[in-house]
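What follows is a set of notes on a single structure, which appears directly below.
The values are calculated or read from the model by the stated rules, or taken from the named source; none is laboratory data. Nothing here was measured: the structure is a model prediction, and the numbers come from that model. Glycine also receives a Cβ, built like all others from the backbone with ideal geometry; neighbour counts cover every protein chain displayed. Just the protein is used for accessible areas: all its heavy atoms, side chains included, with ligands, DNA and RNA removed. Shrake-Rupley method; radii C 1.70, N 1.55, O 1.52, S 1.80 Å.
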Amino acid sequence: MANEIPAVSVIVPMYNVEAYIGEMLESVLYQTLKNFELIIIYDRSNDRSREIVESYIPKFDGRLSLIKYDKNPGGCAVPRNKGLEASRGKYIFFMDSDDVITQTALEEMYTIAESSQAEVVYFQNHGISQGTGADFLNNIRINETPLVKEVTVIINDLAYKLDCYLKFYFRSMTWLKLVRRDFLVSNDISFPVIYHEDNLWTLKLLCLSERFVVAPNVVYVYRKREGSETAPKDEFSKQLRYSMERTIKGMKMLDAFMDGLEFFKIHPEFRYAILNFYTTIDLNWTTQCCANLPPHVIFENLRNLFANDMGENSALISYLVTNNVMLIRNLIDANQKLAAVPPSPAAPQPVAPGESFSLRMR
């Protein structure tokens with residue numbers, strides 16, 4: 001087994017997940033497909049996560065590697081890239097350390113990829129739950145996307161693929177995709193150290209793949225964890241700088257990537273749509289970071305942030321970003337007020353997608 005090329009390399013960044021890492025390991029350990037390797041990359045963890053993983057190493061019979069990386073600047077990008085470098089599998093699957101996969105997940109993924117000769121297999125549906133143990137397993141519901149009903153090879157038409165992506169049919173989460181390793185390596189597709197790095201990664205998969213396959217199989221269960229991403233007010237300047245620097249860096253990388261593809265020169269409407277898509281996502285996070293701060297405080301912080309790079313344009317750029325943040329905030333407030341209005345007695349009650357479904361781990 002040690003010298004055999006794994007069918008799938010499962011790569012997992014890990015940071016302080018002692019309450020969940022055992023369930024993730026169990027879900028991988030008892031896969032029906034045995035020819036896999038599990039690579040866990042951890043950094044700066046200060047709980048028992050590492051000790052728990054080490055206790056599982058003998059159970060995996062040489063298929064589990066634990067790699068420490070001390071220089072991670074934050075986020076999942078660097079650990080994932082390090083995992084890809086260390087991997088040997090024909091296909092790569094990125095998991096989060098607090099989630100689980102179904103018992104036949106790797107077998108289903110591998111079978112679909114091989115039978116369709118796919119470079120990328122996108123799994124449009126996934127399970128979602130919260131808690132741990134029986135509470136987690138017994139309350140899984142299915143998050144569905146109505147794109148395909150059976151395994152389908154998407155036509156190699158970039159305009160069509162991008163249109164689906166802009167409609168959120170192809171979501172960016174890495175754990176919804178199985179990708180052939182040689183495709184990633186030959187196209188130099190890695191994770192940029194930016195905010196929402198999986199968005200640019202997914203865009204590259206769409207633009208550069210010739211065999212992009214969509215499958216309705218539910219193979220992954222996402223664990224919803226409580227917590228707020230809104231920064232404390234005394235950390236606002238630091239968080240805003242972090243957010244905007246990564247947004248600017250991401251925009252430059254995105255623009256440079258599209259510069260290299262003839263498609264975006266012929267179709268500037270898609271170039272703008274993609275840039276707008278990414279900027280909106282990043283500014284949504286910035287809006288959370290700003291919490292309920294007044295616009296003049298946001299503006300002054302942005303002007304200080306942009307002063308060196310933007311020079312005489314710093315005031316204009318700061319105003320435009322502040323105005324955009326306020327528009328997003330007002331839209332969110334309006335939606336929340338609308339949701340609080342009780343429906344008419346005659347109106348049908350909405351049902352969230354997948355609420356009537358459940359999924360049991362085998």
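Considered as an equivalent ellipsoid built on the Cα gyration tensor, region 56-108 has semi-axes of 21, 15, 13 Å, the largest given first. For the chain, the orientation-averaged shadow of the C-alpha convex hull comes to 20.8 nm² (one quarter of the hull surface). Evaluated with a Cβ-only charge set (Lys, Arg +1; Asp, Glu -1), the chain carries a dipole of roughly 100 debye about its Cα centre, given to the nearest 20.
Take every pair of alpha-carbon atoms less than 8 Å apart whose residues are at least six positions apart; their mean separation over the length of region 262-334 yields a relative contact order of 32 percent. Normalised by the number of residues in the chain, the mean separation of alpha-carbon contacts (under 8 Å, six or more apart) gives a relative contact order of 18 percent. The stretch between D163 and L316 holds 51.9 nm of extra length on full extension. This uses 0.36 nm per residue minus the Cα-Cα distance. Note on T286: accessible area is roughly 0 Å² with a 1.4 Å probe, heavy atoms of protein only. The residue among I112, S97, I128 whose Cα reaches farthest toward the positive pole of the charge dipole of region 75-131, with charges on the beta-carbon of Lys, Arg, Asp and Glu, is S97. When the scattering of region 192-339 is computed by the Debye formula from its Cα atoms alone, each counted once and equally, what is log10 I(q)/I(0) at q = 0.10, 0.14, 0.21 Å⁻¹? Treating every Cα as an identical point scatterer, log10 I(q)/I(0) equals -0.45, -0.84, -1.36. Between N156 and E300, the C-beta separation translates, for a Förster distance of 56 Å, into a calculated FRET efficiency of about 0.70.
When the Cα atoms of region 254-336 are aligned to their principal axes, the ranges along those axes come out at 43, 37, 16 Å in descending order. Average projection, convex hull of the Cα set of region 116-191: 7.0 square nanometres.
Using only side-chain charges placed at the Cβ, +1 for Lys and Arg and -1 for Asp and Glu, the dipole size of region 1-125 relative to its Cα centre rounds to 380 debye. Using R0 = 51 Å, the C-beta based FRET efficiency linking Q336 and K71 works out to 0.80. Per-peptide packing, taken as the mean over residues of other Cβ atoms within 10 Å, places 96-105, 319-328 in the sequence 96-105, 319-328 from highest down.
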